[in-house]
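This report refers to the structure that appears directly beneath it.
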Amino acid sequence: MTLEPCAQVFAGKKTPPCVPALIRAGVTRLVVAHRDPNPEVDGAGIAGLRAAGIEVKLGVLAPQAARLNRGFLKWITTGRPYVILKAARTSDNFVAATMTGNRWFTSAESRRIVHRLRAEVDGVMIGRRTAQVDNPRLTVREADGAHPRRIVLDTRRALESALHLFTDGQAPTLRFSRGEGAATVTWGEQVGVGLGDTGLDLSQVLAELGKREFTSVLVEGGPRLHRSFLEAGLVDEIMLFTAPQPADRAVQGHDGLGNAVAIPADWHTEREADSGGDRLVISWSPEARARLDNLIALR
Ligand SMILES: NC(=O)c1ccc[n+]([C@@H]2O[C@H](COP(=O)([O-])OP(=O)(O)OC[C@H]3O[C@@H](n4cnc5c(N)ncnc54)[C@H](OP(=O)(O)O)[C@@H]3O)[C@@H](O)[C@H]2O)c1
């Protein structure tokens, strides 16, 4: 198992605990990657299995499993989701290639990678301007898997109600705005938060998402939202696609489309690969890396 099985029933959870099921199933030997740091589990699952006479081997492929579980591990230890910032840029560092026509400028393979990631995370987030300009669905269409919940930051609730996020019924949408409290609406939920330096208070947004059991969030943009997250030190991982072609002249002459996100120098490069002609770099923040290293060292 990639994570220690739990022995107890959690309030509000539909699934029963694994340990009694494993004992009933007559399992004789169990290999577990790492312990569950949830204080209500931490070692109790393994103790329960051993008490029932099951041989337990702990610590096999722990770094690989912790990588897979990084969303859950951050959420269970901090109450906040793991934040992955996904950005695409042209070879000359613009966030768009042309002003008109097809807005995609990365490869089909890069798009598939993003759709696969959407299926793995609990939520996908965008800023008000991307919602307005691109009217995206943020669903999983080029991979298998469930659609993530959608999140949009719309300070003054200025977005039109006809956008796909509010009308397509594909997945619930959460709209964060300035205010207090939360209300259920036909397409999802509206949540009020305070203001921070660059717009809505992103720390509060993450805390509210954590309460709603979002263990991971993919921040798809645009650049303003990306910059705010980075400036606030709230990003765990950056996934940056760089296309081989430069932006056209119209884009180059346009204010505000340059300056795509850059990966901070002290971040750890987790992966560097070709993605259908684009260059893909995945980097972890020093804090995200230290969190996993500490966890693995303890187990
Ligand atoms: N290349 C890429 O990776 C990529 C990805 C996505 C989008 N895009 C492109 O980027 C463009 C839009 O990007 P953008 O930078 O102008 O806007 P954006 O990041 O999509 O949205 C920014 C808006 O979100 C709202 N917001 C609320 N709280 C915020 C906070 N704490 N920090 C930042 N924003 C907050 C603000 O609007 P209110 O105050 O009005 O609520 C703000 O103006 C589009 O052309 C889109 O196609 C590129």
Look at THR173 and say whether it is under 25 Å from ARG137 (Cβ atoms), hydroxyl-bearing (Ser, Thr, Tyr) and in contact with a Leu (Cβ under 6 Å, 6 or more places away or on another chain). yes
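Look at PRO39 and say whether it is surrounded by fewer than 17 Cβ atoms within 10 Å (Cβ to Cβ), of a type outside the set (D, E, K, R) and farther than 13 Å from ASN69 by Cβ.
Spelling it out, PRO39 is indeed surrounded by fewer than 17 Cβ atoms within 10 Å (Cβ to Cβ), of a type outside the set (D, E, K, R) and farther than 13 Å from ASN69 by Cβ.
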Say we look at region 219-267 and pick out the residues that are in contact with a Lys or Arg (Cβ under 6 Å, 6 or more places away or on another chain) and of a type in the set (A, V, I, L, M, F, W, C); which of these is nearest to ARG289 (Cα to Cα)? MET239
Check whether at least one residue in region 236-250 is part of a helix (DSSP H, G or I), surrounded by fewer than 17 Cβ atoms within 10 Å (Cβ to Cβ) and within 15 Å of the ligand (Cβ to nearest atom), and report yes or no. yes
Search result, residues across region 185-235 that are near the ligand (Cβ under 8 Å from one of its atoms), among the basic types (Lys, Arg) and free of Cβ contacts under 8 Å to residues at least 60 places away in the same chain: ARG227
Here the residues within region 188-201 that are touching an Asp or Glu at 6+ places or on another chain (Cβ under 9 Å) and outside any strand (DSSP E or B) are GLY194, ASP197, THR198
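Table: residues versus (1) crowded, with 21+ Cβ neighbours inside 10 Å; (2) modelled with pLDDT of 90 or more; (3) in a loop (DSSP other than H, G, I, E, B).
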site: ALA11; (1), (2), (3): no, no, yes
site: PRO16; (1), (2), (3): no, no, yes
site: VAL19; (1), (2), (3): yes, yes, no
site: GLY53; (1), (2), (3): no, yes, yes
site: PHE72; (1), (2), (3): no, yes, no
site: VAL83; (1), (2), (3): yes, yes, no
site: ASP92; (1), (2), (3): no, yes, yes
site: ALA97; (1), (2), (3): yes, no, yes
Candidate set: region 173-184, residues that are touching a residue at least 12 places away in the same chain (Cβ under 8 Å) and part of a loop (DSSP other than H, G, I, E, B); chosen: the one nearest to the ligand (Cβ to nearest atom): GLY179
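Results for (1) at pLDDT below 95; (2) among the hydrophobic types (A, V, I, L, M, F, W, C); (3) out of contact with any strand residue (DSSP E or B) (no Cβ under 8 Å at 6 or more places or on another chain), shown as yes or no for each residue.
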{"residue": "VAL205", "(1), (2), (3)": "no, yes, no"}
{"residue": "LEU234", "(1), (2), (3)": "no, yes, no"}
{"residue": "ALA265", "(1), (2), (3)": "yes, yes, yes"}
{"residue": "ASP278", "(1), (2), (3)": "no, no, no"}
Does region 139-160 contain any residue that is hydroxyl-bearing (Ser, Thr, Tyr) and over 20 Å from the mean Cα position of the chain (by Cα)? yes
If you go through THR184, THR139, the only one that is out of contact with any helix residue (DSSP H, G or I) (no Cβ under 8 Å at 6 or more places or on another chain), of a type in the set (S, T, N, Q) and modelled with pLDDT of 95 or more is THR184
Residue ID - farthest from THR215 (Cα to Cα), chosen from residues in region 102-123 that are away from the ligand (no atom under 13 Å from the Cβ) and part of a loop (DSSP other than H, G, I, E, B): SER107
Can you find a residue in region 141-152 that is without any contact (Cβ under 8 Å) to a residue 24 or more places away in the chain and over 19 Å from GLU213 (Cβ atoms)? no
Residues of region 251-275 that turn out to be more than 16 Å from the ligand (Cβ to nearest atom) and either in contact (Cβ under 8 Å) with a residue 12 or more places away in the chain or farther than 21 Å from SER107 by Cα (or both), as a count: 7
Among the residues of region 124-172, how many are assigned to a loop (DSSP other than H, G, I, E, B), within 11 Å of the ligand (Cβ to nearest atom) and surrounded by 17 or more Cβ atoms within 10 Å (Cβ to Cβ)? 4
Which residues, taken from region 262-291, are of a type in the set (A, V, I, L, M) and more than 25 Å from SER228 (Cβ to Cβ)? ALA273
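The values are calculated or read from the model by the stated rules, or taken from the named source; none is laboratory data. It should be emphasised that the depicted structure is a prediction, and the values quoted were computed from it without experimental measurement. Neighbour counts run over all protein chains shown; Cβ positions are idealised from the backbone, glycine included.
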